[in-house]
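> Take a look at this one; I'll ask things after.
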Amino acid sequence: MTENVLKYIELNIISYDEEFVKILNQHQELYNLGKVHSIYTKTINFIDKHHELYTIASENIANGPYFLIINTGGIDLKSIDLEVGDPIKAVGNSILIGTHLKINIVAGSYLWTPKVLNQDSFNMSILRQNISYFNKIIVDKQSICGCKYYYLKSILNINNYKPQIIEKELAKKIGVFLEDIELDNICQESINSLIGLGVGLTPSGDDFLVGFVSVLSIIANNYANTIKKKIISSININVISTTDVSRKMLRIALSGKYGDSIFNFVNALLQNNKKLLNYSLEELLSIGSSSGMDLAIGIIMGIILLMKNKSLGELRYGKDANKKKCLL
Amino acid sequence: MEKTLIRKNAYYDSVTLMSLSSKILGVAGVQEAVISMATDMNKELLQNVGLATEESNSAVNNDLIIAIRAKDDEVYNEALKFVDELLVSKNKEREVKGFENPKTIDDALGYMSDANMAVISVPGQYAAREAKKALKNGLHVMLFSDNVSLEEEKEIKELGRDKGLLVMGPDCGTAMINGVGLCFSNKVRQGNIGLVGASGTGLQEVMVQVHKLGGGISQAIGTGGRDLSIEIGGIMMLEGLKALSRDEGTDVIVLISKPPAKQVEEEILKETGLVNKPVVICFIDGDEIKQKNDNIHFVNRLYDAAKKATDLTGINQSETNDNNIKIFEELKRMLNHEQKHFRGLFCGGTLCAEAFSVLRGKFEIKSNIAKEENEKLHDINNYTGNALLDLGEDEFTRGKPHPMIEPSLRLEKIIKQAKDKEVGVILMDFVLGYGSHKDPAGVSIETIREAKSIAKSAGRNLIFVAYICGTDLDKQNYDKQRETLDEEGVILAESNLEAANIVMELLS
């Protein structure tokens, strides 16, 4: 009965992934794509009617599956008057979020696709060198309540760190999980006991698993694929007890997908390029509070597993699929 | 001692949670603290360390658990301060240096922390969200917005009911709470008759008639037009009924609606049976319901509801003197044999509905508000025969103001009917009160004159029948409105029911 003139903040899309293309193309004008699930400084999550979670993220966040990256110019997304439950609508070449945010596909918005490793051999000494570098960084990096305690205690033999209860529990369960893998005794119990364990929107146990499984997908040799298959068969993603956002991350990882920040770190570990390693590690560690650290530890433990198995000579190759494609 | 706080569906970033965890653990006397999402593993951990409580056990994945083991209550409360500091959303009072129009409900509450009602009028897809915000802030809600989904309506009404708050709407245009008229409402005498209505102009008509009959209104609660549907189940009608039954200022209750869904009707009757005050139930166009409770009185016309309610309060005003009978024969003679039809141009939806209900018993009519397919007016621009138009419906108001606010919307329609040689009578309502145009009669009179002139030059006479829904206390000056129309020869009815009956008499 009453018309209101709504003032939108308009931001441009930098990149989107194929899942966003699907939902935008399938629907008509002003169709409700979904509703806002959660809002943070640099990201807005929304769910569609099938409860699939998508993320709209600022340019500081690395690309990934189900991600739409927008140019925020540094504004805090929480400062826009949006609420959980706000509708998301597609209108022409734009997406309307609630009453105050409009994001536009512009010339230059591109389709993101996951990167693929493009090298045919590994240098073990470079790998060891890079992991040593990582070890130095991790000791100094501020991170609590996550998997760091496990790594300090079990890998670096550092015992002067005072853990919280959750860190102790995580350390115990990561140990059991990795032992089961080495003994070829992967079971539902040891995997599920990690899922949902930890502080934060994406519990540390989940982040660890995402990092671990992602490195298996990126390396993708026979051994990695075998381990990954066994892990997948031991998880019933629909009944696990964890948060919506974390379930989404796990589902993406188990489907063989991963974001740029994970790939960049794995790729950098395999190169002899300290700058690249530094940069990619910084990028990864900037995720969340402990999530980045937990992902990194999961990745490192995955690499260590493959090194122990001596399987890193077998590498599956693929073309670099990260080609920029403009929609307009 | 161990205690747990649960925040349902709480999404806080890790930095905030880490910060909170550190602060709590830093309080002297806190022995252990775990702040985590309520996943099974985290809950198991709480169990293992003796921090689990009934609340934490029943929390679900997306809930946040703040579990604290503290030396004593004092330490626990000290630790809790950090929870409030870090996790409670901003709701600060603003220093009013210069008033700026608030842009959110929170902002508005900053200026008026003692407000107890929010009137919400935003586009439909955002209305439920704003209503929820208001309810969560402890405000009653009047939801003027339409285009709210049934699911959302049910959700906010259930929330309101659970919190003991009114949710009037969506698409609620009329209410009067504690003597204060909201949106479209007439100024009436305060009294002891309380109304609950799923109908804006239905409420207005009953309020106005009660006033004219010498009675007064304690409260008029609107529920929105869909409240008595099966999907909503009459949530607010029932809550309104309960509220009025407890209200010391209300001695007689009137419920107004179109006929509800059967199941909902039964619920309402059941609840009405528990009320210790007389209740008048007006289901417009409904059948009389046979029941044994002497306290419940059924009518199906708005004027009759007002009359019954006023009688029940002990005020027995005599019925309006029907002087019009004398002139009916003269008026009928003014119309030629072709002029067999009437057209109704209404601002008030329920006024149109009541007229339709009265007249369809005698005539074949089409209307844009008809439910039966054979009575439905499919082309709102092209019709013949008898027709009643509710000009406040969406098909007429898309992108335009409501005709009660801007009556000039119907002026072109008046001219169109005047050009139709088969039209003998044009029926109109003029709604006064808060929210309505400042001079509904005045803005229309030139066009009425022109319409008569058009008919005259084609060798016809045109009769206008009008009802002014207003009181002597309304700002538009009721007497002046009457005088304006009367001077132009418009036949004035004393009630909406009478207006429809006059049309029936003229063309039967």
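The values are calculated or read from the model by the stated rules, or taken from the named source; none is laboratory data. This structure is a prediction, so every number in the text was calculated from the model and none was measured. Quick reminder, even Gly has a Cβ in these numbers, built from the backbone with ideal geometry, and neighbours come from all protein chains shown.
> State whether the residues of the range B:364-376 include one that is in contact (Cβ under 8 Å) with a residue 40 or more places away in the chain and under 21 Å from B:Ser199 (Cα atoms).
The answer is no, given that none of the residues of the range B:364-376 is in contact (Cβ under 8 Å) with a residue 40 or more places away in the chain and under 21 Å from B:Ser199 (Cα atoms).
> With the condition kept exactly as written, say whether any residue in the range B:193-212 is buried (at least 24 other Cβ atoms within 10 Å of the Cβ), of a type in the set (Asp, Glu) and not in a loop (DSSP other than H, G, I, E, B).
yes
> When only residues in the range B:137-166 that are of a type in the set (A, V, I, L, M, F, W, C) and modelled with pLDDT under 90 count, which is farthest from B:Gly200 (Cα to Cα)?
B:Val148
> Next up: Sort out which residues of the range B:183-201 are away from chain A (no Cβ under 14 Å) and within 10 Å of the chain's Cα centre (by Cα), and write them in order of number.
Initially, the range B:183-201 is screened for residues away from chain A (no Cβ under 14 Å), giving B:185-199.
Across the range B:183-201, the qualifying residues are B:Val196, B:Gly197, B:Ala198, B:Ser199.
> I've got another one for you. Would you be able to say whether some residue in the range B:72-79 is modelled with pLDDT under 90 and within 11 Å of chain A (Cβ to nearest Cβ)?
no
> Out of B:Ile253, B:Ile268, I need the residue that is at pLDDT below 95 and β-branched (Val, Ile, Thr). Which one?
Working: B:Ile253 fails: at pLDDT below 95.
Just one listed residue meets the conditions, B:Ile268.
> Only one residue in B:Val208, B:Val188 is in contact with a Ser or Thr (Cβ under 6 Å, 6 or more places away or on another chain), closer than 17 Å to B:Cys352 by Cα and aliphatic (A, V, I, L, M). Which one?
On the way: B:Val188 fails: closer than 17 Å to B:Cys352 by Cα.
Exactly one of B:Val208, B:Val188 is in contact with a Ser or Thr (Cβ under 6 Å, 6 or more places away or on another chain), closer than 17 Å to B:Cys352 by Cα and aliphatic (A, V, I, L, M), namely B:Val208.
> Additional query: Would you pick out the residues in the range B:254-298 that are touching a Leu at 6+ places or on another chain (Cβ under 6 Å), free of Cβ contacts under 8 Å to residues at least 60 places away in the same chain and assigned to a strand (DSSP E or B)?
Scanning the range B:254-298 gives a single hit, B:Ile281.
> Just checking, does the range B:387-394 include any residue being buried (at least 19 other Cβ atoms within 10 Å of the Cβ), at pLDDT 90 or above and within 14 Å of another protein chain (Cβ to nearest Cβ)?
Applying the first criterion (buried (at least 19 other Cβ atoms within 10 Å of the Cβ)) to the range B:387-394 yields B:387-392.
Still in the list and also at pLDDT 90 or above: B:387-391.
From what's left, within 14 Å of another protein chain (Cβ to nearest Cβ): B:390-391.
Yes, the conditions are met somewhere in the range B:387-394.
> May I ask you to verify whether A:Ser289 is within 14 Å of chain B (Cβ to nearest Cβ), buried (at least 16 other Cβ atoms within 10 Å of the Cβ) and either without any contact (Cβ under 8 Å) to a residue 12 or more places away in the chain or not hydrophobic (A, V, I, L, M, F, W, C) (or both)? Write out each step before concluding.
Working: within 14 Å of chain B (Cβ to nearest Cβ): yes; buried (at least 16 other Cβ atoms within 10 Å of the Cβ): yes; either without any contact (Cβ under 8 Å) to a residue 12 or more places away in the chain or not hydrophobic (A, V, I, L, M, F, W, C) (or both): yes.
Answer is yes for this residue.
Conditions (1) modelled with pLDDT of 90 or more; (2) part of a loop (DSSP other than H, G, I, E, B), marked per residue:
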residue	(1), (2)
A:Thr113	no, yes
A:Leu117	no, yes
A:Ile138	no, no
A:Cys145	no, yes
A:Asn157	no, yes
A:Ile191	yes, no
A:Gly196	yes, yes
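> Could you please find all residues in the range B:117-148 being of a type in the set (S, T, N, Q) and facing chain A (nearest Cβ under 10 Å)? Spell out how you get there, then give the answer.
Here is the first cut: in the range B:117-148, the ones of a type in the set (S, T, N, Q) are B:121, B:125, B:137, B:145, B:147.
B:Ser121, B:Gln125, B:Ser145, B:Asn147 - these are the residues of the range B:117-148 that are of a type in the set (S, T, N, Q) and facing chain A (nearest Cβ under 10 Å).
> Could you go through the range A:98-108 and let me know if any residue there is closer than 14 Å to A:Ile44 by Cα, basic (Lys, Arg) and part of a strand (DSSP E or B). Talk me through it step by step, then tell me what you get.
Residues of the range A:98-108 that are closer than 14 Å to A:Ile44 by Cα, as a first pass: A:98, A:100-103.
Imposing the further condition that a residue be basic (Lys, Arg) reduces the set to A:102.
When the remaining residues are screened for being part of a strand (DSSP E or B), the result is A:102.
Among the residues of the range A:98-108, at least one is closer than 14 Å to A:Ile44 by Cα, basic (Lys, Arg) and part of a strand (DSSP E or B), which makes the answer yes.
> Go through the range B:103-140 residue by residue and tally those that are outside any loop (DSSP other than H, G, I, E, B) and farther than 24 Å from B:Thr174 by Cβ. If you could, list the steps in order and put the result at the bottom.
Of all residues in the range B:103-140, those outside any loop (DSSP other than H, G, I, E, B) come to B:105-111, B:117-120, B:124-136, B:140.
If we keep only those that are farther than 24 Å from B:Thr174 by Cβ as well, we get B:106-107, B:109-111, B:136.
Summing the residues that are outside any loop (DSSP other than H, G, I, E, B) and farther than 24 Å from B:Thr174 by Cβ in the range B:103-140 gives 6.
> All but one of (1) at pLDDT 90 or above; (2) in a loop (DSSP other than H, G, I, E, B) hold for B:Asn57; which doesn't?
All conditions are met except number (2).
> Of all residues in the range A:45-88 being part of a loop (DSSP other than H, G, I, E, B), within 12 Å of chain B (Cβ to nearest Cβ) and touching a Gly at 6+ places or on another chain (Cβ under 6 Å), which is surrounded by the fewest Cβ atoms within 10 Å (Cβ to Cβ)?
A:Leu82
> Report every pair of residues separated by at least 6 positions or lying on different chains whose Cβ atoms are under 7 Å apart, first residue within the range A:264-286 and of a type in the set (Asp, Glu), second part of a helix (DSSP H, G or I).
Listed pairs, sorted by first residue: A:Glu283/A:Ser261; A:Glu283/A:Asn264.
> Among the numbered criteria (1) among the charged types (D, E, K, R); (2) surrounded by 14 or more Cβ atoms within 10 Å (Cβ to Cβ); (3) in contact (Cβ under 8 Å) with a residue 24 or more places away in the chain, which one does B:Lys419 miss?
Failing condition for B:Lys419: (2).
> Is it true that some residue in the range B:309-324 is under 22 Å from B:Asp227 (Cβ atoms) and at pLDDT 90 or above?
From the range B:309-324, those under 22 Å from B:Asp227 (Cβ atoms) are B:309; that's our starting set.
Subsequent filtering for residues that are at pLDDT 90 or above retains B:309.
Among the residues of the range B:309-324, at least one is under 22 Å from B:Asp227 (Cβ atoms) and at pLDDT 90 or above, which makes the answer yes.
> Residue check, A:Phe122 against (1) within 14 Å of another protein chain (Cβ to nearest Cβ); (2) modelled with pLDDT under 90, all met but one. Which one?
It fails just one condition, (1).
> Restricting attention to the range B:228-253, which residues are outside any loop (DSSP other than H, G, I, E, B) and not basic (Lys, Arg)?
Taking the range B:228-253 and keeping what is outside any loop (DSSP other than H, G, I, E, B), we get B:235-246, B:252-253.
Within the range B:228-253, B:Ile235, B:Met236, B:Met237, B:Leu238, B:Glu239, B:Gly240, B:Leu241, B:Ala243, B:Leu244, B:Ser245, B:Val252, B:Ile253 qualify.
> Now a separate question. What residue, among those in the range B:43-54 that are over 47 Å from the mean Cα position of the chain (by Cα) and not in a loop (DSSP other than H, G, I, E, B), is farthest from the other protein chains (Cβ to nearest Cβ)?
By that ranking, first place goes to B:Gln47.
Conditions (1) more than 25 Å from B:Ser185 (Cβ to Cβ); (2) in contact (Cβ under 8 Å) with a residue 60 or more places away in the chain; (3) not in a loop (DSSP other than H, G, I, E, B), marked per residue:
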residue	(1), (2), (3)
B:Ile426	yes, yes, yes
B:Phe430	no, yes, yes
B:Ile468	no, no, yes
B:Thr471	no, yes, no
B:Lys475	no, yes, no
B:Gln481	no, no, yes
B:Thr484	no, no, yes
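> Can you tell which of A:Val215, A:Val176 is modelled with pLDDT of 90 or more and away from chain B (no Cβ under 14 Å)?
On the way: A:Val176 fails: away from chain B (no Cβ under 14 Å).
Just one listed residue meets the conditions, A:Val215.
> Right, here's the next one. Every residue in the range B:364-379 that is surrounded by 10 or more Cβ atoms within 10 Å (Cβ to Cβ), out of contact with any Leu (no Cβ under 7 Å at 6 or more places or on another chain) and under 22 Å from B:Lys419 (Cβ atoms), please.
B:Glu364, B:Leu377
> While we're here: Is it fair to say A:Ser241 is assigned to a helix (DSSP H, G or I), within 13 Å of another protein chain (Cβ to nearest Cβ) and surrounded by 17 or more Cβ atoms within 10 Å (Cβ to Cβ)? If you could, list the steps in order and put the result at the bottom.
Details: assigned to a helix (DSSP H, G or I): no; within 13 Å of another protein chain (Cβ to nearest Cβ): yes; surrounded by 17 or more Cβ atoms within 10 Å (Cβ to Cβ): yes.
For A:Ser241, the condition - assigned to a helix (DSSP H, G or I), within 13 Å of another protein chain (Cβ to nearest Cβ) and surrounded by 17 or more Cβ atoms within 10 Å (Cβ to Cβ) - is not met.
> Here are some conditions: (1) on the phi > 0 side of the Ramachandran plot; (2) at pLDDT 90 or above. A:Ile300 meets all but one. Which one does it not meet?
Here A:Ile300 meets the rest and fails (1).
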